[in-house]
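Participant: Here it is, the structure in full.
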Amino acid sequence: MRKLLVANRGEIAVRILRGAREMGWGTVAVYSEADSSSLHVQVADEAVCIGAPEPAASYLNMDAILQAAKETGAGALHPGYGFLAENAQLASRCLDAGITFVGPSPSAISTMGNKVAARDIMGRAGVPIVPGTQGKDQSVAALVAEAQSIKPPLLVKAAGGGGGKGMRVVKDHAGLAAAIREAQQESGSAFGDSTVYVEKFLEEPRHIEFQILADQAGKTVHLFERECSIQRRHQKIIEETPSTAVSPQLRARMGEAAVAAAKAVGYINAGTVEFLLDRDGSFYFLEMNTRLQVEHPVTELIAGLDLVHWQLRIANGEGLSFDQKDLVQKGHSIEARIYAEDPAHGFRPSMGKILLLREPDGPGIRVDSGIYEGYEVSPYYDPILAKLIVWGENRETASRRIIQALDQYIILGIRPNIPFLRDVVAHPAFAAGETTTDFLPLHFPDWGREAKKTPPEAFLAAALGEALGRVNIGSLSATEAPNPWDTVGSWEIGSGL
Amino acid sequence: MNYEFQVGEETTTVHLERTGDGFKIGVGDATFSLKAEQIHPGTFVLLAGHRSIMAHAVKGDGVWHVSVDGRAYDLRLPGTEDHGGDSGDDGPRLVDGVLQTPMPGRVVAVEVKENDRVEAGQVLIIIESMKMQNSIVSPVSGRIVKVHKETGELASFGDPLVELEEEDPAGDA
């Protein structure tokens, strides 16, 4: 029997560990001192403590993780997402230690991790990249001349940039020279480097990515697209497949480009090629994520495949048992990410004990969760708690289903983003499929700022809680105020997940 | 039996009375009759006429966390501290000149030192929590009397961050 160590935590570790158990593999969880009672520890056959709560001391600690693999005799390692998932050094150290890394080769990881190198390789492989200047000659005249062939609008961008400094958008070539001068000045004083680039500017682009699977023999297929345009501060919150913006013809072209991108770096295992899709139907390579994605379940639901099972089979040397032509999309799937972020208070982190948890269920509803009732949300890690994924025969059914499921999703004790997610998927612009990357700033610029009135039913439930709580507990007299932790604590025992 | 709950600054009295097969409940001026059953600790089925309402309520640290129709509300028992649930106040709390930690995390930067003059809105301390950097800004203009945290230290909810002497708004100083 093979044994898999999952070098991660939270919902993704739980999902991978369960997938490995389904394949008949032995499973090893690793955990930090803050995570000894976490769900991923509970679902694994073996669990090894790898250090202090801070990620640097535990989930990013390669020595401790590899030592845990050695101690438990785990012959394979799955990195999950985040932490060390796109660290070429971990992949290569696994290789050296004779441990199967469930993912691509170290060289594929490092090539795709270098944006400039990746862009070059993609350009040579015929994968479309955003047209832009090389910028070797930084004189205004040279940059203007170099940018002549790019269709406007244009974006002037600082090489050392960030935070919008040294950035200018111009509608046509006439305004370019002035914009370059301004941007050079601004970036010179902001970053001490006045180097700028000129690129085609994409207005309200969509973020469309393609799921790739490639076996060790080089057989590479795509499992269609995921639309991930709805993002808050570059954090995806809603993902779906198929995309309303992708026609069958466009899907075929983008899918081919994604497969070509993966083949160009000799990619093995599951990966994702991200594109920006312009309004005119042009698409451009953005980057490749050399790991399993957070939003992989929407692909699983419409393609009818288990990506974790296939990752393990591929790592084990098995070939893909199907061809591109065998793959079909069935129905529509939407995912909402449940974050421990309080949307009524500027999405500030919300920590503490989950006092009550009710997860939605019913046809077409899947919850990938890393939490349970009684779980303590700590400040050390990413705020993702769980993912709600639905499947419906079509987009409208899936949309209605996810609204309904979000209404059923009750987490009390902390303030997750559930009410915000519900308003997003219930918005008419979402129903119309107008999901572009500026969806949230456009439709939800100031969500939750208006005062929310507490309905009488809420007072009623709290009063009943006070009254019935005392009656049910029995041992307490009516006048003695029960200690909330006594009562809540005893209720939680045996209440399950 | 009467119960009092606070939301923000407002206190609401709820009158609860058992009737033959249910409850009569007064919230403020309104009165409701309904059947109610706690089917699982924290989970209530409320039947008001033909209307069926699923409600959840659990108490922690003197706050009732309630969910009705998928929306969550925090109702505090009188005399308990406001943790900023529904009050609409999401800034750090200044209590007797002491600025308290609004969220647990690690202090990653201290931008001020003793005796510094600060403006309202100026960043004092940055706390990293759940991989996010949160700037703690001064709620008032004034002078820093004492800095309680150092870079790298952990801060729990309510821990003192800095002591501030508020500037006299009349400008006599």
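The values are calculated or read from the model by the stated rules, or taken from the named source; none is laboratory data. Everything numeric here is computed off the predicted structure, so don't read it as measured data. Counting neighbours? That spans all protein chains shown, and the Cβs are built from the backbone with ideal geometry, glycine included.
Participant: Can you say whether A:Ala217 is in a loop (DSSP other than H, G, I, E, B), more than 30 Å from A:Ala340 (Cα to Cα), of a type outside the set (Phe, Trp, Tyr) and touching a residue at least 24 places away in the same chain (Cβ under 8 Å), as far as the supplied structure shows?
Facilitator: When the stated conditions are applied, A:Ala217 passes them.
Participant: Taking helices (runs of 4 or more DSSP H) that do not extend beyond the stretch A:404-467, which have at least 2 residues that are at negative phi, within 13 Å of another protein chain (Cβ to nearest Cβ) and in contact with a Phe, Trp or Tyr (Cβ under 9 Å, 6 or more places away or on another chain)? Working first, answer last.
Facilitator: Values: elements: A:418-425, A:428-431, A:439-443.
Fully inside the stretch A:404-467 and qualifying: A:418-425.
Participant: Another question, if that's okay. Of everything in the stretch B:141-173 that's farther than 24 Å from A:Asp342 by Cβ and aliphatic (A, V, I, L, M), which residue is surrounded by the fewest Cβ atoms within 10 Å (Cβ to Cβ)?
Facilitator: Of everything passing the filter in the stretch B:141-173, B:Ala170 is surrounded by the fewest Cβ atoms within 10 Å (Cβ to Cβ).
Participant: Which members of the stretch A:339-391 meet the condition of being within 14 Å of A:Tyr409 (Cα to Cα), touching a Phe, Trp or Tyr at 6+ places or on another chain (Cβ under 7 Å) and of a type in the set (A, V, I, L, M)?
Facilitator: Those that are within 14 Å of A:Tyr409 (Cα to Cα), touching a Phe, Trp or Tyr at 6+ places or on another chain (Cβ under 7 Å) and of a type in the set (A, V, I, L, M): A:Ile354, A:Leu357, A:Leu385, A:Leu388.
Participant: Okay, next question. Quickly run through the stretch A:361-400 and pick out the residues that are surrounded by fewer than 22 Cβ atoms within 10 Å (Cβ to Cβ) and part of a helix (DSSP H, G or I).
Facilitator: Residues satisfying the conditions are A:Arg395, A:Glu396, A:Thr397, A:Ser399, A:Arg400.
Participant: Still on this structure, I have one more. Restricting attention to the stretch A:238-273, and to residues there that are of a type in the set (D, E, K, R) and closer than 21 Å to A:His332 by Cβ, which single residue is surrounded by the fewest Cβ atoms within 10 Å (Cβ to Cβ)?
Facilitator: Step by step, filter the stretch A:238-273, then rank; the result is A:Arg251.
Participant: Next question, about the same structure. List the residue pairs whose Cβ atoms are under 6 Å apart, where the first residue sits in the stretch B:29-42 and is more than 9 Å from chain A (Cβ to nearest Cβ), the second is surrounded by fewer than 18 Cβ atoms within 10 Å (Cβ to Cβ) and not in a loop (DSSP other than H, G, I, E, B), and the two are 6 or more positions apart or on different chains.
Facilitator: B:Ser33/B:Lys24; B:Lys35/B:Leu47; B:Ile39/B:Val45
Listed here are the residues, each with its yes/no results for (1) outside any loop (DSSP other than H, G, I, E, B); (2) farther than 27 Å from A:Arg422 by Cβ; (3) not acidic (Asp, Glu).
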{"position": "A:Glu256", "(1), (2), (3)": "yes, yes, no"}
{"position": "A:Gly271", "(1), (2), (3)": "yes, yes, yes"}
{"position": "A:Val308", "(1), (2), (3)": "yes, yes, yes"}
{"position": "A:Ile338", "(1), (2), (3)": "yes, no, yes"}
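Participant: Let me ask something else about it. Looking only at the stretch A:13-26, which residues are crowded, with 16+ Cβ neighbours inside 10 Å and in contact with a strand residue (DSSP E or B) (Cβ under 6 Å, 6 or more places away or on another chain)?
Facilitator: Residues satisfying the conditions are A:Ala13, A:Arg15, A:Ile16, A:Leu17, A:Ala20, A:Trp25, A:Gly26.
Participant: Counting only residues that are out of contact with any strand residue (DSSP E or B) (no Cβ under 7 Å at 6 or more places or on another chain) and either part of a helix (DSSP H, G or I) or within 14 Å of chain B (Cβ to nearest Cβ) (or both), which one in the stretch A:313-336 is surrounded by the fewest Cβ atoms within 10 Å (Cβ to Cβ)?
Facilitator: Looking at the filtered set, the residue picked out is A:Lys325.
Participant: Checking A:Tyr197 against (1) modelled with pLDDT of 90 or more; (2) in a strand (DSSP E or B); (3) of a type outside the set (S, T, N, Q), which test does it fail?
Facilitator: Of (1) modelled with pLDDT of 90 or more; (2) in a strand (DSSP E or B); (3) of a type outside the set (S, T, N, Q), only one is false for A:Tyr197: (1).
Participant: Going by what's in this entry, would B:Met1 be described as at the interface with chain A (Cβ under 7 Å from one of its Cβ atoms) and touching a residue at least 12 places away in the same chain (Cβ under 8 Å)? Break it down into steps so the answer makes sense when it comes.
Facilitator: Numbers: at the interface with chain A (Cβ under 7 Å from one of its Cβ atoms): yes; touching a residue at least 12 places away in the same chain (Cβ under 8 Å): yes.
Here the answer is yes, as B:Met1 does meet what is asked.
Participant: Also, I was wondering about something else. Take B:His50 and tell me if it is surrounded by fewer than 17 Cβ atoms within 10 Å (Cβ to Cβ) and at the interface with chain A (Cβ under 9 Å from one of its Cβ atoms). Working first, answer last.
Facilitator: Numbers: surrounded by fewer than 17 Cβ atoms within 10 Å (Cβ to Cβ): yes; at the interface with chain A (Cβ under 9 Å from one of its Cβ atoms): no.
Spelling it out, it is not the case that B:His50 is surrounded by fewer than 17 Cβ atoms within 10 Å (Cβ to Cβ) and at the interface with chain A (Cβ under 9 Å from one of its Cβ atoms).
Participant: Pairs only if they're at least six apart or on different chains, beta carbon under 9 angstrom, first in the stretch A:31-52 and assigned to a loop (DSSP other than H, G, I, E, B), second of a type in the set (Asp, Glu); list them, first residue then second.
Facilitator: Hits for this filter: A:Ser37/A:Glu376; A:Ala52/A:Glu33.
Participant: Sticking with this one: Run B:Val45 past the list (1) farther than 26 Å from A:Leu421 by Cα; (2) surrounded by fewer than 16 Cβ atoms within 10 Å (Cβ to Cβ); (3) more than 8 Å from chain A (Cβ to nearest Cβ) and report the number of the one that doesn't hold.
Facilitator: Answer for B:Val45: the failing condition is (1).
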